[in-house]
Structure formats: structure tokens, C-alpha cells
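Below you'll find the structure, written out as C-alpha cells, and then a few comments.
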Amino acid sequence: MSFLLLETESQQGSRFMSNDGAVFSRRSFVTRAGGTIMLGALGANMLAACATGESTPAGTTSGGTGGGDALTPFTFLSFLPLTSFSVVPEMYGDLTGAFTKNHMDMTLQTVKGSAQATQLLLANKGQVARNGLIDAMIAAFAQDQPIVIPAIDTFQVGIRIVTTDASPEPSDWVGKTIGVPSVNGTSDKTLSMSLRKMDIDPESVKRQLVGLAPGTFDLVRNGTLAGYMVSADTAQIVAKQNSDARIFVPTSVTGMNIYMTTKEQIDQHGDELKNFFLAVQQVKEGLIAEKNFDAAIKTLRSEYTFASLDDDEIANASFKERTAAWQGKDGRTGWPDMEELEGAYGELVDSKVVPSGKKIESLVDTSLLPQ
């Protein structure tokens, strides 16, 4: 898929990139309707506020390593599309100037799945990636890649399985098919780990590649699928539109999402990475402190339109769910819970996904987080 380039020389700032390398500015917005992508201009007043910092929405206090007005190029890799609340910290931080205020010329680049996010990171095509914990541990412990986890994104599983009364429980899925967005991807692996925790052989549940759209529910309703895996906000859309929909939440701690970088990136771009995590912390803590999310929703809608954002009720519910998921047991954002990570590693070892005898401490480096 190609995106139309709508960036002039005077519009160089935060950018979005598709996985084929084409770039479009954050000063245009993306609308997905029936698979069509439409681009349009952002309002001049909003642009001025973003560029000059005249307004300061939640989570945009200044700071960061570095000085002066110079912005350092920085690329964030997301295995999730920019049409989901899963990428809110980066999308919202970009729109409110949080990254610019921390001396970063941010590019948001979407990639085709967690494996490609890892490959591009190792190829020095980005400084940091959001990824699934399972994939990070596989890369580090099974493939001996120089992967580092500097921070946790969500401490709760962000994936949901949409089913019906005909197959509401995992035991009902044996011999049937669950739809997944990518074969052997993060969702697929999270499903396997959750099934193992319930003493169900993952091999007994078939997988089929399907789209993430709410309309895929028709395949569940007609019996083609026993269920399919979607993001938490998409699951809420499906449930609202279909009274017979049932939502199953996977339980494995391995389903956490993490931020991932490499030892080389830390050596070469340590200051920029510190600025990134400072900006993300400011965004998350600012949104967590909000009594309601009306202003944040309005800000996101100035740039984006997708189903869960366009519905007021679901947008607010998604923000509430997402801000809760950002917080660990101690209420902090980002900081890894080593006990939970040890537990996740133990699950993966027991499932023979990764070898035993590895040290979690060798994978985690919190030196980039705001102290």
C-alpha cells in the first residue's frame, strides 16, 4: 500500500511512514472507509498551536536532554496501525508537541507485524519499537539478538477474542478456528500461551488469517470462525454493534506490550531515547490525571478518524481502559515489574518457546527512564 506524499518543505516535523517507506505528514489525517484511504488538511489554528506550543494539553510539559531549538530525527516503529488506541501515547504526544518540546523530530512508522519491527530495529531503521513481550523474549533468548527492554507500555493484555454464545469459552474452540491478524504473530502467540494456561493444547485450535475490522464478526456468526482476535477498542465496537457478541480476555502475563530497542541504539542514541521516554511518560501521566477525556479525544480527532475514536462512548471507554493498562502495580508508568517478567519467562520456558537458564536482568535496562 502506498500513501500520497503531502509534505512541503515548510511542513517538516513529525511524520508518519507506511511500511513501504512512503511518508505523509502529521499535518494531514487518515480516514479508513471501506478500505479506502483519504487524506485531508489539518486546520491552520491547530497547526499554529502545535508548531508554537501556544497551548499545552495534558502531558506536554517541557524538558529533555539537549539544548537549543535543534530537533534530532527519531523514528518510532509500531507493529500496530495508527488506527487504534494502542498507539495513543505516540499519536497524542505527536499532536500536542510533546516530542518537539523534548527536542525530537518524530517519525511514526508502522510496520507489518512484530517480526518486521524487530528486523528494522536491528537494521538501524528506527530507535525504538513497540512490540509484544513474547516476541522480545524470543528475539533475545531464542535467537540471541541484542534486544533490550527499557520500558513496559501496557501491563495488561491488550488483545481480545470476539466470540458468540455458540463458543464463548476456550474449551469450545477445540477443533474449531480462531481468526488471527497474522499467523505466528503476537496475537497468535498470546492465544497459544493463554490456551496452555488453561490446559488446552494450542495445536487443537486452528488459526486463520482474517482482517481486524468489526465486520469480520459475520464469520463468527455464520460458524466459519469460533472467534477472532482484535484490539480492545475494536472489541468494544463489535460488542456495541452486535448483541450476540461475547468478549474473551486472554489471561497470560506474556501478553504485555513493551518498548524495545537494541544495545547499539542505546550506545548511539542514548540521549534521544531518554527524551522519548520522558515525553511518553509526560503524555501518559497527563492523560491518567484527566478527569475526562473529551479534550484528548478532540485533539486526536483533529488528525485521525477510526471507528473506536469516532464513537464518543467507546472513545472514552477506550481511554479509560488504556490509561489503566499503562500503570503497574505501584501506579508508575513504564517501569518493569521484574517479578512479572520472571513469571512470563517461566511460562515461555514451560511451553518450550524459549530456552531455560536465561537471566531477565540481561534483557531489561531501565537507565533510559526518567529517574
Open item on the list: Can you tell me which residue is farthest from residue 154 (Cα to Cα) among those in the stretch 79-114 that are among the β-branched types (Val, Ile, Thr) and more than 11 Å from the chain's Cα centre (by Cα)?
Closed with: 100
- [ ] Please work out if residue 323 is polar (S, T, N, Q), surrounded by 17 or more Cβ atoms within 10 Å (Cβ to Cβ) and not in a helix (DSSP H, G or I).
- [x] no
TODO: Residue by residue through the stretch 335-361, note down the ones that are among the hydroxyl-bearing types (Ser, Thr, Tyr) and without any contact (Cβ under 8 Å) to a residue 60 or more places away in the chain.
DONE: 356
Task: residue 274, sole failed condition from (1) closer than 30 Å to residue 340 by Cα; (2) surrounded by fewer than 21 Cβ atoms within 10 Å (Cβ to Cβ); (3) of a type outside the set (A, V, I, L, M) - done: (2)
TODO: Report the residue count in the stretch 157-191 for those that are basic (Lys, Arg) and in contact (Cβ under 8 Å) with a residue 60 or more places away in the chain.
DONE: 2
Task: Residue check, residue 94 of a type in the set (D, E, K, R), at pLDDT 95 or above and buried (at least 21 other Cβ atoms within 10 Å of the Cβ) - done: yes
TODO: Could you please find all residues in the stretch 221-256 being outside any loop (DSSP other than H, G, I, E, B), touching a Gly at 6+ places or on another chain (Cβ under 6 Å) and not hydroxyl-bearing (Ser, Thr, Tyr)?
DONE: 232, 253
- [ ] With respect to residue 267, determine if the residue is in the same structural domain as residue 333 (by TED's automatic domain parsing), farther than 30 Å from residue 168 by Cβ, surrounded by fewer than 24 Cβ atoms within 10 Å (Cβ to Cβ) and without any contact (Cβ under 8 Å) to a residue 40 or more places away in the chain.
- [x] yes
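The values are calculated or read from the model by the stated rules, or taken from the named source; none is laboratory data. If you're wondering where the values come from, they're calculated on a predicted model, not measured in any experiment. Note that we place each Cβ from the backbone using ideal geometry, even for glycine, and neighbour counts take in every protein chain shown.
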